[in-house]
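Notes follow once the structure below has been shown.
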Amino acid sequence: MTIIVKKTSELPESEQIKILELFNSVFNKNRTIEHFRSQFINTALGYSYHVVLYDNDIIVGCFSYIPSYYRIEGEKYLSVLSVDTMLDKKYRGKGYFQDMLSYGIDYIHNDGVAFIINFPNDISYPRYIKTKLRQDIGSLVTYALPYRIGGIKPSLKALNWLSISLVNIFVFITSLLARSKVHCFPIEKDAETYNPTRYSLPDGGYNIEHRKAGGFAYKIMCYNNVRTAFLIDVFKKSPKNFNTAVRHIIKNHKKEFDILLYVGHLPFKLHSLIKVPQCFSQKKFNFVGKILLESEIDNNVFFNLNNWDVNLSNYDLL
């Protein structure tokens, strides 16, 4: 068994295809090679990092890291987002998970990466914490607007008129009360380098709106058999800008979605969304990280969720 870290530009086409085939097998997906290259080459550095596990010349595992720049209290740092962590079934439970994590960390640290973040599912999350190769930052919150209740629960279809009316009244009232003051987070994406690559996937289907006071990105898709409008990001976080985004989606797409969702962490109210209690949320969004430049980044700042401008734009779920 051999572990080698390669940049995407160092992967021959045959190995790119083998990693893609492993991904489609492990996650039961049908991702294309065009998607693979767009995701991993169209980055802030022009490549990503891949920790590849070989059994002789057969690829049986791969962890990938997508590089991007963040600002922490005004200072710009190179970071990586850990994605597509996968092992062939026959090689799980044999210690390769931790070996690959450790090997990859050493490599990217030497390459100047300041920190790692990722959003593991409930199966992987305990492994990361147990191995102490990640620390918990917090759980993201789901905010929702149940616009057409019958699309969420068909038995309540007769109440669609009521849910639509209540949502419109709620959004209108918050539009009168929402403030324009932008909340500044100590840790945020470097928007100038981040956004152009984040929304460039060939099958992304993103809608990007630019406004003088800021802009927003959203995507409409079927999620868990419900027509869902995902508000992915609002570029300048203020209650007024969130209200603007919500009103735009309702005005232009009201026949295309039944529920509007935003996943993240908002330190202010009157954002025109309803906070969903964790016990009612269909998915838990775990957020973990690891500091590699320990002499430069304050643990107390980094591992406090309140300091992060974080939402669905920070990772590759959509």
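Taking region 254-276 as the search range and keeping residues that are of a type in the set (D, E, K, R) and assigned to a loop (DSSP other than H, G, I, E, B), which one is surrounded by the fewest Cβ atoms within 10 Å (Cβ to Cβ)? Checked region 254-276; the qualifying residue surrounded by the fewest Cβ atoms within 10 Å (Cβ to Cβ) is Lys255. Among the residues examined, Phe172 qualifies as without any contact (Cβ under 8 Å) to a residue 40 or more places away in the chain, outside the structural domain of Glu296 (by TED's automatic domain parsing) and outside any strand (DSSP E or B).
Filtered by the rule that a residue be assigned to a loop (DSSP other than H, G, I, E, B), out of contact with any helix residue (DSSP H, G or I) (no Cβ under 6 Å at 6 or more places or on another chain) and basic (Lys, Arg), region 175-205 gives a lone residue, Lys181. Somewhere in region 25-35, is a residue in a helix (DSSP H, G or I), crowded, with 19+ Cβ neighbours inside 10 Å and either in the same structural domain as Gly95 (by TED's automatic domain parsing) or in contact with a Cys (Cβ under 7 Å, 6 or more places away or on another chain) (or both)? So far as region 25-35 goes, no, none of its residues is in a helix (DSSP H, G or I), crowded, with 19+ Cβ neighbours inside 10 Å and either in the same structural domain as Gly95 (by TED's automatic domain parsing) or in contact with a Cys (Cβ under 7 Å, 6 or more places away or on another chain) (or both). For the condition of a type in the set (Ser, Thr, Tyr) and under 25 Å from Pro126 (Cβ atoms), Tyr218 does not qualify. The condition of being in a strand (DSSP E or B) and at pLDDT 95 or above holds for only one of Lys251, Lys290, that being Lys290. Of all residues in region 47-69, exactly one satisfies the criterion of being surrounded by fewer than 17 Cβ atoms within 10 Å (Cβ to Cβ) and modelled with pLDDT of 95 or more, namely Tyr54.
Test Gly104 against the stated conditions and say whether it is within 22 Å of the chain's Cα centre (by Cα) and within 22 Å of Asn195 (Cα to Cα).
Judged against the criteria, Gly104 is not a match.
The values are calculated or read from the model by the stated rules, or taken from the named source; none is laboratory data. Keep in mind that what you see is a predicted model, and the values were worked out from it rather than measured. Positions of Cβ are generated from backbone atoms using ideal geometry, with glycine treated the same way; all protein chains shown enter the neighbour counts.
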